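What follows is a set of notes on a single structure, which appears directly below.
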Amino acid sequence: MTDYSDNRYFKLFEKQKSHQFTIGNTSCKTRIKKLKSLKHALEVTYKDSIREALYTDFKKPYLETDLTEIYPVIDEINFVASNLKTWLAKQKVDTPIALLGSSSWIKNEPKGVCLIISPWNFPVNLTFGPLVSAIAAGNTVILKPSEMTPHTSKVMSDIVNDIFNDHEVALVEGEVEVSQELLKLPFNHIFFTGSPQVGKIVMKAASEHLTSVTLELGGKSPVIIDDTSNLDKAVKKIIFGKFLNAGQTCIAPDYVFINERIKTEFIQAFKTTLKTFYSENPSESDSFGRIVNQKHFKRLKSYLDDASTRNASIEFGGISDERDNYIEPTLIFDVSEDSELMQNEIFGPILPVKTYKAIDEIIDYINSKEKPLALYIFSKNKKRTTQIINNTRAGSTCINHNLLQFLNHNLPFGGSNNSGIGKSHGYFGFLEFSNQRSVLKQHTLGAVDLLMPPYNNFKQKIVDLTIKWF
Ligand code: NAD
C-alpha cells in the first residue's frame, strides 16, 4: 500500500473518503436542495462579487460574466433539478429468455471521491458546472481552480465554504504544484478541463490508480463558410463567437475557411461589423475584454510577430498594448502553415482566414489535423453540410452559428481524442460522475441452474438449443 501521509491533501482526501457513503446515500431532494443553495449564491448573494472578481482578473464585461459564467451553471442546476429523480431511479432492463426467473436493473451509483481541475477562461462556469453533475451523482469533491484568475478563485472559495462542509466539497487554491500534489492521490474520478498538454499529464497520473478521467480539452476549431451562406449573418455570429472573452474560449472559431469567391465581401462585412460591435477603437469598448496575463499576452504577440515575418497580411487590427494586456480584434490572411498561428490553438482575438476552391480540399485539411473540439459550418446547402459532417470528425458541430451547442444540456459536450475524452452537461455529465452498476436478481430456479456439473448429454442438448434459438 502506498503511504500518502506526506501529501498535504491526504487528510482532506481521507475525510471525504470516510464520508463518501453518507453523501452517496443522500436523497434526490437533499441533493437538489444543495444545488439550489449554490444557485442562490450565484444568482443573488455572490453575483456582484463574481462580476467584480472576473473584471479584476481580466476585464471580463459584466454581461459576458452573466451570460457565460453564471447563466450556464444556473441552467445546469435547473436541468438537474427537473431530471435527477429519473436519473437516480433504478432503470429496469429486459431479461433474455435464457435468464428467465431473474430480473435486472442498472443503479447509477456515485464514483466516490472526485477531483475537478479547472481552467481560467470561464472559471466559474467550468468549476461549478462539473460540480453540479458531481453533486447530483452523490460524490464528494475537491475543486482546484486555475491560479491565473486568483480573485475569482477567492470568491468561489467563499461560496464553497459558505454552502458546504469540507467533508463534502472543498476548494483548494494555489499554483500548479497544488494540482500536481492532488494528482498523486487515489481519487475515484478526475474531471479535468484545460489544454491537451496538461490533459496528458492528468491522464498519466490517473493511470497510477486506474482512476477514471473526463478530459475536456482544446485545440483548433475550424469554421467553414461556403458561397451559399448568408454572409452578413455568418460574419456577425463569428465575430461574436470569436471575440467573446477576447477569444479565450475553448470552442471559439480558431480559423476560418471561406470560399475564395466571397473573400472581398467577407472582409468588408467583417470590418463593418467589428466597428459596430466594438467601435472604431475596441480598447475603449466596454464590450471587449483583455488577455488574462502577461504570459498569454506575450504568447499571442509572438504569434502575430511570427505571422508578420512570414508575410501574412493583417486586414484588420494587429494593434496591442502590453500595459493593458490588450490585443485588438485581428483578421489575418495568407498565414503560412508552419506559422505559430496555424500550429497552435490560438486562444486569443486573432482570426486567420484561409480561402478554398473546392470543399474536398477543406475536408482533407481538417482530417490531416487533430480532431477539433468544434467544427462550424455556415451554409444553406444541406447536401454539402452533410458531406462535411460525414467525412470529418469533431467533438461537436454547430450549423449556421457557433458556441450555442454548449448551451443545450440535452447535448453531450466534449471532444474526441486530442480534444477530449468523456462528456459533460446534463445527463451525460451525471453519467460521467456515476458508475453504472449492474444488478441481477434471481427470483426462481433458472435455466442456468439446470446446467451445473456434472455435465451430460441432456445438458449439452439444452446448451445447443439455447445457442441455436435464444
Ligand atoms: P491548462 O491546461 O494550462 O491548465 C488547466 C488547469 O491545470 C489549471 O487549473 C492549472 O493549474 C492546472 N495545471 C497546469 N499545468 C499543470 C501541470 N503541469 N500539472 C497539473 N496541473 C496543471 O489550461 P488553461 O490555460 O487554464 O486553459 C486553456 C486550455 O483549456 C485551452 O487549451 C482550452 O481550449 C482548454 N479549455 C477546454 C475547455 C473544454 O470544455 N473542452 C474549456 C475551457 C478551456
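Mind checking the dipole of segment 222-411: about its Cα centre, +1 per Lys or Arg Cβ, -1 per Asp or Glu Cβ, Debye to the nearest 20?
Computed about the Cα centre, the dipole is about 660 debye.
Classify segment 331-437: rounded, prolate or oblate, from the alpha-carbon gyration tensor (a ≥ b ≥ c, eigenvalue square roots; a/c under 1.5 rounded; otherwise prolate if a/b is larger than b/c)?
Here segment 331-437 falls in the prolate category.
Calculate, in whole percent, how much of the Cα-Cα pair population of segment 222-411 lies beyond 27 Å.
23
Express the accessible area of segment 222-411 per residue in Å², computed with a 1.4 Å probe while the remaining protein chains stay in the model.
Averaged over the residues of segment 222-411, the accessible area is 43 Å².
Please work out the C-alpha center-to-center distance from segment 417-470 to segment 187-203 and express it in whole Å.
31
Taking the square root of 5 times each eigenvalue of the Cα gyration tensor, what semi-axes in Å does the equivalent ellipsoid of the chain have, largest first?
Those come to 44, 30, 20 Å.
Test of the criteria: in segment 427-460, which chymotrypsin sites (Phe, Trp or Tyr not before Pro) are in a DSSP loop and have at most 11 other Cβ atoms within 10 angstrom of their Cβ?
In loop regions of segment 427-460 (DSSP not H, G, I, E or B), the sparsely surrounded chymotrypsin sites (Phe, Trp or Tyr not before Pro) are TYR455.
Anything over 18 Å Cα to Cα? Flag those among LYS220/LYS371; LYS11/LYS144; LYS36/LYS423, in the order listed.
Where the Cα-Cα span goes over 18 Å, the pairs concerned are LYS36/LYS423.
Dipole of the chain, Cα-centred, from +1 at each Lys and Arg C-beta and -1 at each Asp and Glu C-beta, to the nearest 20 debye?
Value, rounded to 20: 1960 debye.
List, in the order given, every pair from LYS271/LYS354; LYS15/LYS200; LYS33/LYS184 whose Cα-Cα distance in the structure shown is over 23 Å.
In this structure, LYS15/LYS200; LYS33/LYS184 lie more than 23 Å apart at Cα.
Could you check what % of the DSSP bridge pairs in the chain are antiparallel, to the nearest 5?
35
In terms of Cα to Cα distance under 19 Å, which lysines are near enough to LYS107, apart from those fewer than 8 places away along the same chain?
Partners within reach: LYS29, LYS85, LYS90, LYS92, LYS441.
For ASP305, what accessible area in Å² do you get when you roll a 1.4 Å probe over the heavy atoms of the protein chains, rounding to the nearest 10?
Per-residue accessible area (ASP305): approximately 70 Å².
Rounded, prolate or oblate for segment 183-241? Axes are the square roots of the Cα gyration tensor eigenvalues, ordered a ≥ b ≥ c, and the cut-off for rounded is a/c under 1.5.
Prolate.
On a straight-distance basis, which lysines could pair with LYS275 in a cross-link, Cα separation under 19 angstrom, same-chain partners fewer than 8 positions away excluded?
Cross-link targets: LYS233, LYS236, LYS237, LYS242, LYS263.
Pop out the carbon and sulfur fraction of the accessible area of the chain as a percent, whole number, probe 1.4 Å.
The value for the chain is 54 percent carbon and sulfur by accessible area.
Compute the relative contact order of segment 1-98 as a whole-number percentage, counting only Cα pairs closer than 8 Å that sit 6 or more residues apart in sequence.
In percent, rounded to a whole number, it is 26.
Under DSSP H, which helices of the chain have Cα atoms covering 15 Å or more of the helix axis and a Kyte-Doolittle average no less than 0.5?
The qualifying helices are 123-136.
Taking the alpha-carbon set of segment 110-162, what are its Rg and Dmax in Å?
10.8, 32
The values are calculated or read from the model by the stated rules, or taken from the named source; none is laboratory data. None of these values were measured; they are calculated from a predicted model. Quick reminder, even Gly has a Cβ in these numbers, built from the backbone with ideal geometry, and neighbours come from all protein chains shown. Remember, those area values only see protein heavy atoms, side chains included, never the ligands or the DNA or RNA. Shrake-Rupley method; radii C 1.70, N 1.55, O 1.52, S 1.80 Å.
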